[in-house]
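> Please find one structure pasted underneath; my questions will follow.
FYI, it's all coordinate maths here, none of it is from the lab. Because the structure is a prediction, the values reported are computed rather than measured. Cβ coordinates were reconstructed from backbone atoms using ideal geometry, including for glycine residues, and neighbour counts include every protein chain displayed.
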Amino acid sequence: MRNNQRVGINGEISTGNYLFEESNYNFDGTYEKQMIDLARPFLLFEHTDGLNYIFVGANRFDNLNKLLHINTDKFEVNIEEGVDLGFVMPKTNSTILGNNRYDEFHVAGFGLSAIAGLSLTFFKHFYIKTDFKIGYINMSDIRITENKTEKAKQHFTFAETSYTFGYRFYIFK
């Protein structure tokens, strides 16, 4: 969702008049495929401190040197595959229909993702790695007011690419 966008609305609103930033507003009515602006007097909704996808994952690393006929210990090619599963704990900043601002951290749902990557290791310790991750986030319990029964739902897919330069060392051999 983007604040200040124009969207279609269906349903019924029955909150009466309310004061927002020294102006009176009233959105009461029955809406059927009507357009409305998602502006602050009606709704502000954003995850201010990030989505906070907290996950655990299992990854597998496979050395491709034999397959690629690389016969040196000074250079290594690895592929990585993995899956992640976790929960989502955003700090959602919202004001809706004149209610007080709400912005507390809350476990709102779950996420899962899959990862594939390629890494090149030089001299057994220095590496360059690229990963591609694709995932799904489902937040079915986003708190929007102080009242625990008033919630929003949101779900989406995502894709990300990361690049890492690093130094590998072994704690146990």
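> Stretch VAL7-ILE171 to full length: gain in nm at 0.36 nm per residue minus the Cα-Cα span?
Extra length available between VAL7 and ILE171 comes to 53.6 nm.
> What does the net charge come to around ALA116 if you take all other residues with beta carbon closer than 9 Å to its beta carbon, with K and R at +1 and D and E at -1?
-2
> Taking R0 as 25 Å, what's the FRET efficiency between ASN59 and LYS153 from their Cβ-Cβ distance, rounded to 0.05?
For R0 = 25 Å, the calculated efficiency reads 0.25.
> Averaged across orientations, what area in nm² does the convex hull of the alpha carbons in the stretch 1-69 project?
9.9
> At 0.36 nm per residue, minus the direct Cα-Cα distance, what do ALA39 and VAL83 gain on full extension? Give it in nm, one decimal, please.
Using 0.36 nm per residue and subtracting the Cα-Cα distance, I get 12.0 nm.
> What is the percent of Cα-Cα separations in the chain that go past 23 Å?
In whole percent, the share of Cα-Cα pairs in the chain beyond 23 Å is 58.
> Relative contact order for the chain: what percent, with Cα pairs under 8 Å and sequence separation of 6 or more?
17
> Still on this structure, I have one more. Mean projection of the alpha-carbon convex hull of the stretch 1-41 over all orientations, in nm²?
With the hull built on Cα positions only, its mean projection is 3.1 nm².
> Under 30 Å between alpha carbons, and skipping anything fewer than 8 positions from LYS129 in its own chain: which lysines qualify?
Candidates past the 8-residue exclusion: LYS66, LYS74, LYS173.
> Give the relative contact order (percent, whole number) for the stretch 1-41; include only Cα pairs under 8 Å separated by 6+ residues.
52
> Length gain on complete extension for the stretch LEU68 to ASN99, per 0.36 nm per residue less the alpha carbon to alpha carbon distance?
Result for the pair: 4.9 nm of gain on full extension.
> What Kirkwood Rh does the stretch 86-173 have if only Cα atoms enter the pairwise 1/r average? Answer in Å.
Computed over Cα pairs of the stretch 86-173, the Kirkwood hydrodynamic radius comes out at 16.1 Å.
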